[in-house]
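A short worksheet on the structure shown next.
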Ligand SMILES: Nc1ncnc2c1ncn2[C@@H]1O[C@H](COP(=O)(O)OP(=O)(O)OP(=O)(O)O)[C@@H](O)[C@H]1O
Ligand SMILES: [Mg+2]
């Protein structure tokens, strides 16, 4: 046995009803390295990590995993056993209890006790020790809900790591982080590496592989395509391994001809509905033309999400200002009211607002759109199935059939379902809040093409994205927000990263 190999996956196969998520996958991971795993949505990345961390125990898959030279045999419900063996996993969705302290979260379910009562001093000093060891900059006594997402992620890491952690798995850790928070996470990974922790890193932001990983494995349709030293691959090469063909450009060329102004916002002010007097929108002016894609740029916390949620009637108590749709002043009181006026929203938080996870893909797609395939008395099942199937195919949603529940889809495919359902509703105005988060490069391209097609058909789109290149690449104009204000709207031709950043940070 090679002492340098800490993990050796040998022909791992995992079957679900109707899908083989992993097909004889063999990967070797070296002690102390940062190993990237990439692949399209549904390629099998998360499934492999769930096997390694005990979500799918020994006996529910075929093949073997050797860990430090020994067969890994995790028992049922064994995430804790995996952690005790030194294998830690941080999932994409945060799992912290908001009203508890950092220390309480780190030791949740494994609190140190003395004579049957929790030893708080030890809990906090142990927390402090873990935080210090890995240079995580958070206070053990801080309450979770008062922390930003970046700090919460640090707590997730501290919680996952025990003192003897050997392997840390990060499954799309950065999808909700700001650039500065990503930088900090990269530093933390370096620190972990110096402590000899082996890291497995999954992301759809391909540039991160080149910043941090030593080796990369590419999965496609559950099979290992290749494992290579990162320094031996290029970005183009990586994409080609992932999708099996070359992707020449990142953004498809549209043929849009925006028309008259169809939607206007004038001097809009709104307060946080839960705390009176706290203004979240402090003067927004914008106009949107028919068939136009208007990008909204701004730092996290600048009010972008609050703006679209308020326009959609889901949030925000409007205190001043006017909204006009086709020259008529409108008052949006609720989401259903918004939908009936022809507005749709692809929300940021797909788990919370976008999907009913236990329901089938078909029902998720068709529920908001039933009026298209029902008469007064009944639903036309065939029409429902036809329209839904067509939309699922358009977006290449990867599912054995549309009757399976949404929670058995991979993360990126769930996102496609959210988008598909709103595309089917045939809106006049479509708000999209970070529509391609967690979506692979090939599917991103498909979503961009659909946005172009919609705009060409006359749908007007307002798109928020934390990916500045995406905003610049897809928009006709870019509106930049800063601290709840709209600062300036730039024509795509004059919008550069520098100009947008200067406006977004208030330096311009
Ligand atoms: N619990 C489950 N039941 C049925 N099928 C599942 C289940 N979990 C995953 N699958 C299927 O297995 C395949 C691999 O899914 P997995 O979540 O591993 O993909 P992924 O590579 O992590 O994708 P993403 O980048 O979108 O997160 C997909 O086709 C998915 O639909
Ligand atoms: Mg996944």
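Among all residues of the stretch 428-446, there is at least one that is part of a helix (DSSP H, G or I) and more than 16 Å from ligand 2 (Cβ to nearest atom).
Total residues in the stretch 166-181 satisfying the condition of being crowded, with 21+ Cβ neighbours inside 10 Å, more than 16 Å from ligand 2 (Cβ to nearest atom) and within 21 Å of the chain's Cα centre (by Cα): the figure is 1.
When we screen 391, 414, 483 for residues that are within 16 Å of ligand 2 (Cβ to nearest atom) and under 26 Å from residue 175 (Cβ atoms), the only hit is 414. You will find that of 219, 192, the residue that is in contact with a helix residue (DSSP H, G or I) (Cβ under 9 Å, 6 or more places away or on another chain) and part of a strand (DSSP E or B) is 219 and no other. Would you be able to say whether some residue in the stretch 114-123 is assigned by TED's automatic domain parsing to the domain that holds residue 202 and crowded, with 16+ Cβ neighbours inside 10 Å? Checked against the condition, which is being assigned by TED's automatic domain parsing to the domain that holds residue 202 and crowded, with 16+ Cβ neighbours inside 10 Å, the stretch 114-123 yields at least one hit. Please give the number of the condition residue 450 fails out of (1) more than 16 Å from ligand 2 (Cβ to nearest atom); (2) assigned to a helix (DSSP H, G or I); (3) in contact with a strand residue (DSSP E or B) (Cβ under 8 Å, 6 or more places away or on another chain). Residue 450 satisfies every listed condition except (3). Residue-level check: of (1) within 16 Å of ligand 1 (Cβ to nearest atom); (2) modelled with pLDDT under 90; (3) surrounded by fewer than 18 Cβ atoms within 10 Å (Cβ to Cβ), residue 223 misses just (2). Hey, any hits in the stretch 464-485 for a residue that's without any contact (Cβ under 8 Å) to a residue 40 or more places away in the chain and farther than 23 Å from residue 256 by Cβ? No: zero hits.
What's the total number of residues in the stretch 90-137 that are at positive phi and in contact with a helix residue (DSSP H, G or I) (Cβ under 6 Å, 6 or more places away or on another chain)? The number of residues fulfilling the criteria is 1. Name the single residue, out of those in the stretch 316-342 being in a strand (DSSP E or B) and either without any contact (Cβ under 8 Å) to a residue 24 or more places away in the chain or in the same structural domain as residue 460 (by TED's automatic domain parsing) (or both), that is surrounded by the fewest Cβ atoms within 10 Å (Cβ to Cβ). If we take residues in the stretch 316-342 being in a strand (DSSP E or B) and either without any contact (Cβ under 8 Å) to a residue 24 or more places away in the chain or in the same structural domain as residue 460 (by TED's automatic domain parsing) (or both), then 328 is surrounded by the fewest Cβ atoms within 10 Å (Cβ to Cβ).
Of the residues that sit in the stretch 408-427 and are away from ligand 1 (no atom under 16 Å from the Cβ) and either in contact with a helix residue (DSSP H, G or I) (Cβ under 7 Å, 6 or more places away or on another chain) or not in a helix (DSSP H, G or I) (or both), which one is nearest to residue 362 (Cα to Cα)? Within the stretch 408-427, the match that is nearest to residue 362 (Cα to Cα) is 421.
Taken together, 42, 63, 32 contain a single residue that is closer than 20 Å to residue 405 by Cα and assigned by TED's automatic domain parsing to the domain that holds residue 186, which is 42. Here the condition is being in the same structural domain as residue 21 (by TED's automatic domain parsing), free of Cβ contacts under 8 Å to residues at least 60 places away in the same chain and surrounded by 20 or more Cβ atoms within 10 Å (Cβ to Cβ); of 79, 130, 87, it holds for 130 alone.
The values are calculated or read from the model by the stated rules, or taken from the named source; none is laboratory data. Bear in mind the structure is a predicted one, so any value in this text is a computation, not a measurement. Virtual Cβ from ideal backbone geometry, glycine too; neighbours counted across all protein chains shown.
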